[in-house]
Amino acid sequence: MSDSKTILSTQNLAIGYKNKRTHKVVLSNLDLTLKTGELTCLLGPNGSGKSTLLRTIGGVQKPLGGEMRLGSVLLESVNSKELARMLSLVLTDRSAPGNLTGYALVSLGRFPYSSWMGNLDEKDEAQIHWAMDATGTTEFANTHVGELSDGEKQKVMIARALAQDTPIIFLDEPTAHLDLPNRIEIFHLLRELAVTSGKAILLSSHEMDMALTNADRLWLVTPEQTIITGVPEDLVINGSLEKSFARETLTFDYAVGSFKKESGVNRKGVYIQGPDILVKWTRNALERYGYGITTKETASIKINVSGELNSPEWRIDNQQITYKTIEQLLKEI
Amino acid sequence: MKEVGNIVLDTPRVHLKWQSIVWLALLLLLLFLLDVGLGSVKIPISDVFKTLLGRPIDNEAWQAIILKIRLPRSITAILAGAALSIGGLQMQTLFRNPLAGPSVLGITAGASLGVAAVMLAAGSATTAFSIHQLGIGGSWLIIIAATLGGALVLIAILAISFKIRDNVVMLIVGIMVANITIAIVSIWQFFSDPEQIQEYILWTFGSLGGVTNKQLGVLSIIVSLGVLFTFFLSKTLNVLLLGENYAQSMGLNIRRSRFMIIGVTSLLAGAITGFCGPIGFVGIAVPHLTRSFLNTSDHRVLVPSCVLVGGILMLLCDIISQVPGSQTVLPVNAVTAMIGSPIVIWIIIKRRNLKSSF
């Protein structure tokens, strides 16, 4: 972490949309720094302006005010050809044409470097091979992209960005339509790439849990339409995270680091006792039904869980009857 | 070939594709000879070869038929097939839409408008005279009118293309411009005499036979330049496969690329429409056939292949339209669609990889 340096920075940046009549500010007072060798996560609810920010600092959209620098150079003075060697994108649109092979798709990333007919030299090929190797997509080199799963396709798109050989990579919601194992895999991959290759990787996401576990730094969109930055844990502890995602019906669980919905009905307090893992899932079920879980043994209902993970037993208030499943327990309680 | 881990990376499977291109070229040559050899007048195959190789044959009438009628006709077929296919390929890639073709931007409609203006509106006596003097297809007047009409729409489209960022909007604008142009022609037809309409309709059937040797020189130069230019655009077309946003992020100048792609497509489509009439279908079908057969989206392979497949399809249609062994000649426009559509349906259903191309 010590040898990471700032590669992209903004000062008093304001972003939004402007045409003749309207002047809509989406986010303002942005003082951001993107560092090499780090995975930075731009975190915010849907519609909070994450994509607008990525487009603006990616040089696609003009800012409303303030300045942006790539290293020490003003972003506006960098032309699109130079920018293509500094910054690569992975976008949300699932647009890859199906009848390109994985290799052909990744090799498109060499566009800024290859000859005018798009022929690749040894350096290009070495970079492509490295990109596919680093993302674990070498096995898809001869597979048509249309035959890949969403997760595999996303990894190929990341490989394409790596092939572009830029010190900065932006990813717009890279895990948006992926299932949990794929999301975890992509986040891990990006974190590892940032650390091993020294690239500055910025991704936008609304998935708090993923960002908290994997990001080196958060850019958190706040309700005041600006962004605060910091190490994820700091932002949890000082309450920024709770504020930025706040909804009236949600409460932030500081122990878990995620929001939960408060059930409308408030039932009795329950005390659960037993092995940690079984307590956790029992609690999960009871909370859904509106029971308050307390740590006081004097609670009106006491539940005892015992046994192993694959043969648990529940007992209510030390009665004789035991329940083998949570379903039975919920019926009786 | 390179070894990476245990997996062999065959750097894009180009060898196989070049093989297919050689086969396509041979097929094109075969059909070309067939097209020149077959017709309403039976000419022995040995005499056909002799004439093509520039040796004199006894029957001067046969020699004239081959050199002045059949040869220009066959070459026109290849040029038309190549130009329209290349145009269609570029439009499908630029707009990332399987239904796009060279006629999608209204260039063909513009050319039709030009021809309609000459045939329907201008003093009917003079046009009728000049058309009958020179023959409908072979009239420079018609060619110039079609070119001007196409160019007019082209200028409008290019002007709009610089104002618009979004390719989808561009596509819709193009279709609408085409519709307006067609509507003007319809109104014109409504107020015209039946004889004039008949002549116009004859032109819309399309004809490969009207191009004279002199005109063929002009047409070949335009088409060759267009094809060559498109081949040089391969890299741009390839990166556009990922969509404008990615293309831009890799440093592609979207507006300039679009200008060039639309410009070269219009030139190709406009020239063919001017010389041969509005030939539909080929421009949409051939890129699909080619992608389906070769199973690639790499334009460095697709551009030359589309030229060959387009030429093959047009030659095939021309052979059929002349109904070998009879005196009848069917309109080429009807034949392309009638013969081509079932082939395309069959291949697309069989291959099932059309949808994944977009």
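Of the peptides B:47-59, B:147-159, how do they stack up when ordered by the mean number of other Cβ atoms within 10 Å, highest first?
By packing density, highest mean first, the sequence is B:147-159, B:47-59.
Counting only other chains, what is the mean number of Cβ atoms within 10 angstrom of the Cβ of each residue in peptide A:104-113?
Taking all residues of A:104-113 together, the mean is 5.
Mind checking which of A:Leu42, A:Leu34, A:Leu148 has the largest fluctuation in a GNM of chain A, springs on alpha carbons under 10 Å?
Evaluated over chain A, the most mobile residue of the options is A:Leu148.
Please give the net charge around B:Ile57, taking every other residue with its beta carbon less than 15 angstrom from that of B:Ile57, where Lys and Arg add +1 and Asp and Glu add -1.
Charge balance near B:Ile57 sits at +2.
Once the dipole of the protein assembly as shown is set up with Lys and Arg at +1 and Asp and Glu at -1 on Cβ about the Cα centre, which of A:Leu53, A:Ser80, B:Gly114 lies farthest towards its positive end?
Ranked along the dipole, the leading option is B:Gly114.
Which values, in whole Å and largest first, are the semi-axes of the equivalent ellipsoid of region A:113-162 obtained as the square root of 5 times each eigenvalue of the Cα gyration tensor?
Result for region A:113-162: semi-axes of 21, 12, 9 Å.
Could you tell me what percent of the accessible area of region A:180-325 is made up of carbon and sulfur, with a 1.4 Å probe and every protein chain present?
Accessible surface attributable to carbon and sulfur in region A:180-325 totals 51 percent.
Compute the distance from the alpha-carbon center of region A:110-141 to that of region B:243-320, in whole Å.
Distance between centres, Cα-based: 27 Å.
About its Cα centre, how strong a charge dipole does region B:18-357 have in debye, to the nearest 20, once Lys and Arg get +1 and Asp and Glu get -1 at the Cβ?
That gives region B:18-357 a dipole magnitude of about 1060 debye.
Taking only protein heavy atoms into account and a 1.4 Å probe, give the accessible area per residue of region A:269-332 in Å².
Counting only protein heavy atoms, the per-residue value for region A:269-332 is 64 Å².
Semi-axes of the equivalent ellipsoid for the protein assembly as shown, please: Cα gyration tensor eigenvalues, times 5, square-rooted, ordered largest first, whole Å.
64, 28, 26
What helices does chain B have that are whole DSSP H segments, at least 30 Å long along their own axis by Cα, and with mean Kyte-Doolittle hydropathy of 1.6 or more?
The qualifying helices are B:14-37, B:140-163, B:167-190, B:299-321.
Summing Lys, Arg as +1 and Asp, Glu as -1, what charge do residues with Cβ under 11 Å from the Cβ of A:Ser9 carry, A:Ser9 excluded?
Taking every other residue near A:Ser9 into account, the sum is +1.
Work from the charge dipole of the protein assembly as shown (Cβ charges, +1 for Lys and Arg, -1 for Asp and Glu, about the Cα centre) and give the residue of B:Ile197, A:Tyr289, A:Ile228 farthest towards its positive end.
Most positive-ward Cα: B:Ile197.
Taking only Cα atoms of chain B, what ratio of Rg to Rh do you get with Rh as the Kirkwood inverse-distance radius?
Reported Rg/Rh (Cα atoms, Kirkwood Rh): 1.00.
Just counting partner chain Cβ atoms within 10 Å, what average do the residues of peptide A:214-221 show around their Cβ?
0
Which of rounded, prolate, oblate describes region B:185-279, given a ≥ b ≥ c as roots of the alpha-carbon gyration tensor eigenvalues and a/c under 1.5 marking rounded, otherwise prolate only if a/b is larger than b/c?
Cα axes put region B:185-279 in the oblate bin.
Could you compute how fast region A:269-332 diffuses translationally, taking Rh as the Kirkwood radius over C-alpha pairs and applying Stokes-Einstein at 10 °C with viscosity 1.306 mPa s? Give it in µm² per second.
137
So, with +1 on the Cβ of K and R and -1 on the Cβ of D and E, and no other charges, what is the size of the charge dipole of chain A about its Cα centre, to the nearest 20 debye?
Charge dipole, chain A, about its Cα centre: 1160 debye, nearest 20.
Any idea what % of Cα-Cα pairs in region B:72-123 are farther than 13 Å?
So the pairs more than 13 Å apart make up 66 percent of the total in region B:72-123.
Along each of its three principal axes, how wide is the spread of alpha-carbon positions in region A:8-81, in whole angstrom units, largest first?
Extents along the principal axes, in whole Å: 40, 30, 22.
For B:287-298, what's the mean count of beta carbons from other chains sitting within 10 Å of each residue's beta carbon?
Average per residue, whole number: 3.
Between rounded, prolate and oblate, where does region A:1-128 land on the alpha carbon gyration tensor, with a ≥ b ≥ c its root eigenvalues, rounded for a/c under 1.5, else prolate if a/b exceeds b/c?
Prolate, because a/c is 1.5 or more and a/b exceeds b/c.
Quick check: pseudo-label points 7 Å beyond the Cα along Cα→Cβ at A:Thr222 and B:Leu158, how many nm apart are they?
5.3
What does the helix-only formula give at 222 nm for chain B: each DSSP H stretch with n ≥ 4 adding -39500 (n - 2.57), the total divided by the residues, and the result rounded to the nearest 500 deg cm²/dmol?
The per-residue figure over chain B is -23500 deg cm²/dmol.
When DSSP assigns beta bridges and you keep just the ones with both residues in the protein assembly as shown, what percent turn out antiparallel, to the nearest 5?
Rounded to the nearest five, the antiparallel share is 60 percent.
Can you order the peptides B:92-101, B:287-296 by their average number of other Cβ atoms within 10 Å per residue, highest first?
Result, highest mean Cβ count within 10 Å first: B:287-296, B:92-101.
Just the number, please: carbon plus sulfur as a percent of the accessible area of chain B, 1.4 Å probe, no ligands or DNA/RNA counted.
Percent of accessible area from carbon and sulfur atoms in chain B: 70.
Ranked highest first by average number of other Cβ atoms within 10 Å, how do B:314-322, A:192-200, B:23-31, B:204-212 line up?
B:314-322, B:204-212, A:192-200, B:23-31
Kindly flag which residue pairs out of A:Lys199/A:Lys243; B:Lys17/B:Lys214; A:Lys24/A:Lys153; A:Lys35/B:Lys163; A:Lys62/A:Lys199; A:Lys155/A:Lys243 have an alpha-carbon separation exceeding 27 Å in this structure.
Going by Cα-Cα distance, A:Lys199/A:Lys243; B:Lys17/B:Lys214; A:Lys24/A:Lys153; A:Lys35/B:Lys163; A:Lys155/A:Lys243 fall outside the 27 Å limit.
Taking the Cβ of A:Gly109 as the center, what net charge do the other residues with Cβ under 10 Å away carry, scoring Lys and Arg +1 and Asp and Glu -1?
Charge balance near A:Gly109 sits at 0.
Taking the alpha carbon gyration tensor of region A:6-253, what are the square roots of 5 times its eigenvalues, largest first, to the nearest whole Å?
Over the Cα atoms of region A:6-253, the ellipsoid semi-axes are 30, 22, 16 Å.
Got a sec? Charge dipole of the protein assembly as shown, +1 on Cβ for Lys and Arg, -1 for Asp and Glu; which of A:Leu148, B:Ile43, B:Ile262 is way out at the positive end?
My answer, from the dipole projection, is B:Ile43.
With a/c under 1.5 counting as rounded, go ahead and sort region A:194-333 into rounded, prolate or oblate using the C-alpha gyration tensor (a ≥ b ≥ c being the square roots of the eigenvalues; past the cut-off, prolate if a/b is larger than b/c, else oblate).
Judged from the Cα gyration tensor, region A:194-333 comes out prolate (a/c at least 1.5, a/b above b/c).
Dipole size in debye (nearest 20) for the protein assembly as shown around its Cα centre, Lys and Arg Cβ +1, Asp and Glu Cβ -1?
1040
Using every alpha carbon pair in region A:62-133, what percent of pairs falls into each 5 Å bin from 0 up to the bin containing the largest distance?
P(r) for region A:62-133, in whole percents per bin: 3, 12, 18, 20, 17, 13, 9, 5, 1.
Can you figure out the FRET efficiency of B:Asn253 with B:Ala183, using R₀ = 25 Å and their beta-carbon distance, to the nearest 0.05?
Result of the calculation: an efficiency of 0.10.
Ignoring ligands, DNA and RNA and using a 1.4 Å probe, state the total buried accessible area between A and B in Å², rounded to the nearest 100.
3300
For chain B, with every protein chain kept in place, what is the accessible area per residue (1.4 Å probe, Å²)?
Per residue, chain B has 45 Å² of solvent-accessible surface.
Starting from the Cα-Cα distance between A:Arg283 and A:Glu82, subtract it from 0.36 nm times their residue separation and give me the gain in nm to one decimal.
66.9 nm
The values are calculated or read from the model by the stated rules, or taken from the named source; none is laboratory data. Note that the coordinates shown come from a computational prediction; the quantities given were computed from them, not determined experimentally. Heads up, the Cβs are rebuilt from the backbone with ideal geometry, glycines too, and the neighbour counts pull from every protein chain shown. What goes into the accessible areas is simple: the full protein's heavy atoms, side chains included, and nothing from ligands, DNA or RNA. Shrake-Rupley method; radii C 1.70, N 1.55, O 1.52, S 1.80 Å.
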